[in-house]
Amino acid sequence: MAGRQGNQTVKNMLWSLVVIALVAGVIYLFIPHDESKTPVKRVDYRVELLTARRAAAYPVAAPEGLSKEWKPTSVRYNGADHDKWHLGFLDPDGEYVVIKQSTEKSARFIDDATREAVRTDTVEKVGGRDWRRYKGTTYDALVSTEKGATTVVAGTASFGQLTKMVEALKTS
């Protein structure tokens with residue numbers, strides 16, 4: 001008798017699990033859960049920009065005059081790690097664009113900032129500076145080295161959008 005009761009208990013537990021899984025599935029189907037519509041928060045980068053411009057050994061770049069459709073999403077400055085500056089945006093099409101600057105050795109910094117994009121022969125003159133194109137599987141980039149620092153404008157956005165960001169960069 002005890003063996004039969006043990007089998008019955010296991011059978012009841014399995015049926016309970018099936019019922020719970022069905023209820024959870026129904027709830028999942030009827031509760032909205034579209035993660036792709038989660039809005040990315042806009043960040044205010046003014047304080048970090050002022051701090052970086054006071055502390056960095058080079059002219060720190062940030063855009064001026066971009067439309068409100070460009071959404072700043074991330075900002076960091078690390079003076080202890082080669083004066084690294086990072087300012088990320090979503091462009092009007094929802095693509096990522098980041099400005100990165102550092103006094104780190106150019107080759108290492110470019111490789112990291114562009115996610116191993118490959119240097120091309122194309123050079124654009126923007127704002128009196130030469131910007132070399134890098135083409136990658138993750139990011140494309142425009143790169144310029146000047147005044148002891150390397151500036152990288154990279155992201156998933158088109159070269160047209162990367163160029164718009166470069167055109168908007170100011171260092172004062």
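The values are calculated or read from the model by the stated rules, or taken from the named source; none is laboratory data. Values in this document were obtained by computation on a predicted structure and should not be read as measured data. Neighbour counts run over all protein chains shown; Cβ positions are idealised from the backbone, glycine included. These accessible areas exclude ligands, DNA and RNA; they are computed on the full protein's heavy atoms, side chains included. Shrake-Rupley method; radii C 1.70, N 1.55, O 1.52, S 1.80 Å.
Keeping all protein chains in position, work out how much accessible area VAL75 exposes to a 1.4 Å probe, and write it in Å² to the nearest 10.
We get 30 Å² for VAL75.
Students often check this: by mean Cβ neighbours within 10 Å, which of 162-168, 64-70 ranks highest, and how do the rest follow?
Final packing ranking: 162-168, 64-70.
Rg and Dmax in Å for the range 59-172, alpha carbons only: what are they?
12.7, 34
Suppose a student asked you for the relative contact order of the chain, using Cα pairs under 8 Å spaced at least 6 residues apart; what percent would you report?
Across the chain, relative contact order equals 18 percent.
What size of dipole, in debye to the nearest 20, comes out for the chain about its Cα centre when the only charges are +1 on Lys and Arg C-beta atoms and -1 on Asp and Glu C-beta atoms?
Magnitude of the dipole: close to 340 debye.
Once phi is turned into θ = phi - 60°, what whole-Hz ³J(HN,Hα) does the Karplus curve with 6.51, -1.76 and 1.60 give for every residue of the range 82-96, x standing for Gly and Pro?
Taking θ as phi minus 60°, the curve returns 6, 6, 6, 10, 9, 9, x, 9, 9, 7, x, 8, x, 8, 8 Hz for the range 82-96.
Measure nothing fancy, just the Cα-based angle from helix 159-168's long axis to the longest principal axis of the chain, in degrees from 0 to 90, nearest 10.
Once rounded, the angle reads 60 degrees.
Give me the accessible area per residue for the range 77-171, probe 1.4 Å, as a whole number in Å².
48
Which angle between 0 and 90 degrees, to the nearest 10, do you get for helix 46-55 versus the longest principal axis of the chain when only C-alpha atoms count?
The two axes meet at around 50 degrees.
Using a simple charge model, +1 on the beta-carbon of Lys and Arg, -1 on the beta-carbon of Asp and Glu, nothing else, what dipole does the range 86-169 show about its Cα centre, in debye to the nearest 20?
260
Give a residue-ordered list of calculated ³J(HN,Hα) values for the range 121-130 (Karplus: 6.51 cos²θ - 1.76 cosθ + 1.60, θ = phi - 60°; whole Hz; x for Gly, Pro).
8, 7, 10, 10, 9, 10, x, x, 10, 8
Taking all protein chains as present, what is the carbon and sulfur share of the accessible area of the chain, in % to the nearest whole number, probe 1.4 Å?
Its accessible area is 56 percent carbon and sulfur atoms.
For LYS100, what accessible surface area do you get with a 1.4 Å probe? Give it in Å², rounded to 10.
The value for LYS100 is about 50 Å².
Going by average Cβ density within 10 Å per residue, which order do the peptides 56-63, 143-150 take, highest to lowest?
Result, highest mean Cβ count within 10 Å first: 56-63, 143-150.
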